[in-house]
1. Using only the alpha-carbon atoms, how far is helix 263-274 inclined from the longest principal axis of the chain? Give it as 0 to 90 degrees, nearest 10.
2. For the range 177-279, with only Lys/Arg (+1) and Asp/Glu (-1) charged at the beta-carbon, what is the dipole magnitude about the Cα centre, in debye rounded to 20?
3. Could you give the length gained on full extension between GLN4 and GLU247, defined as 0.36 nm per residue of separation minus the Cα-Cα distance, in nm?
4. Net charge near ILE148, counting Lys/Arg +1 and Asp/Glu -1 over other residues with Cβ under 11 Å of its Cβ?
5. Per-residue ellipticity at 222 nm for the chain, helices alone: DSSP H runs ≥ 4 residues times -39500 (n - 2.57), over residue total, nearest 500 deg cm²/dmol?
6. If we count every other residue with Cβ under 15 angstrom of ARG166's Cβ, Lys/Arg +1 and Asp/Glu -1, where does the sum land?
7. Could you look at the chain and say what percent of its accessible area is carbon and sulfur, using a 1.4 Å probe and all protein chains?
8. Put a dot 7 Å past each Cα toward the Cβ at HIS57 and LYS201; how far apart are the dots in nm?
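The values are calculated or read from the model by the stated rules, or taken from the named source; none is laboratory data. Every value quoted in this text rests on a predicted model; they were computed, and no experiment measured them. Glycine gets a Cβ as well: all are built from the backbone with ideal geometry, and neighbour counts include every protein chain shown. In case anyone asks, the SASA skips ligands and DNA or RNA and just uses the protein heavy atoms, side chains included. Shrake-Rupley method; radii C 1.70, N 1.55, O 1.52, S 1.80 Å.
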Amino acid sequence: MDRQALAEFLLRRREMLQPSDVGLSAGPRRRTPGLRREEVAQLAAMSTDYYTRLEQHRGPQPSLQIVAALARALRLTSDERDYLHRVAGYSAPDRAGSTSPHVRPGMLRILDRLHDAPAFVVSVLDEVLVQNDAARALLGDAEQWTGIERSGIYRWFAFPETERRRYPERDHARQSRSLVASLRAAQGLLGTRSRAGDIVKELARQSPEFVELWQDQEVRRRFEEHKVLVHPELGEIEVDCQALFTEDESQALIVLTAAPGSEAASKLELVRVLGTQVV
């Protein structure tokens, strides 16, 4: 780990970003060029003290999870992300977009401007890479998951009692089939000796339901245009689901909306007001 190079890079990248670049309001009396330290820390979901120590050459080696969070917060390109990994003491991550947790800056800029609608970016393995506050309030905080449990496909079959509560029971069978078809498409893209293959092996060991559906050989990677979600306080909410893919289709920005003036639209607004208190 090169503490000096890491500190200088973080400082310079922070100074080059403006609040509007990351969806923040500039506010009055802004004396700092670019973003403040506390703003970067907030975007990366870490303490301001921890981030400050990194900029002052005093911090411990950040974890890979922290490095990835900083890359997203600072809107780094793929080359800049690779450099950040190296000065933090790690090898550059896989460049294949289908296996990388790095979200492209352009996708993040779109997400930054979506304040009213729940929106999030997912990988081909249904891993939520970044989400806005509205999505966190509606669907829960994806940052709590690590390892193989980051995959929503894995959690659907490994933890059905908790993971499926967000969907009406009448839709569980359809959702199960859709997720298995999506996982097969991901394994075809990534290969059997990949994280997709690891998920298949684990679920084959844990879930008879998964085994039965896997034998059907369905392959499909499409997001439903309409779905019903269940909020713990507000009940069922009908939403339209729009997906914006990266050029290689390795990641997708998902935006959930409801028809203006509808009951579902009112519920989504209330979810945003309630925040994460009941999630």
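1. Long axis of 263-274 versus the principal axis of the chain: about 40 degrees.
2. Details: 12 positive and 17 negative charges, 86 e Å.
It works out to roughly 420 debye.
3. Working: separation 243, 0.36 × 243 = 87.48 nm, distance 3.56 nm.
Between GLN4 and GLU247, full extension yields an extra 83.9 nm.
4. Local net charge: 0.
5. On the way: 13 runs with 125 residues, N = 279.
So the calculated ellipticity at 222 nm is -13000 deg cm²/dmol.
6. On the way: positive: ARG136, ARG155, ARG164, ARG165, ARG170, ARG174, LYS227, LYS267; negative: ASP126, ASP141, GLU161, GLU163, GLU169, ASP171, GLU224, GLU233, GLU236, GLU238.
Surrounding charge for ARG166 is -2.
7. Working: 6820 of 14320 Å².
Solvent-exposed carbon and sulfur of the chain make up 48 percent of the total.
8. For LYS201 paired with HIS57, the spin-label model returns 4.5 nm.
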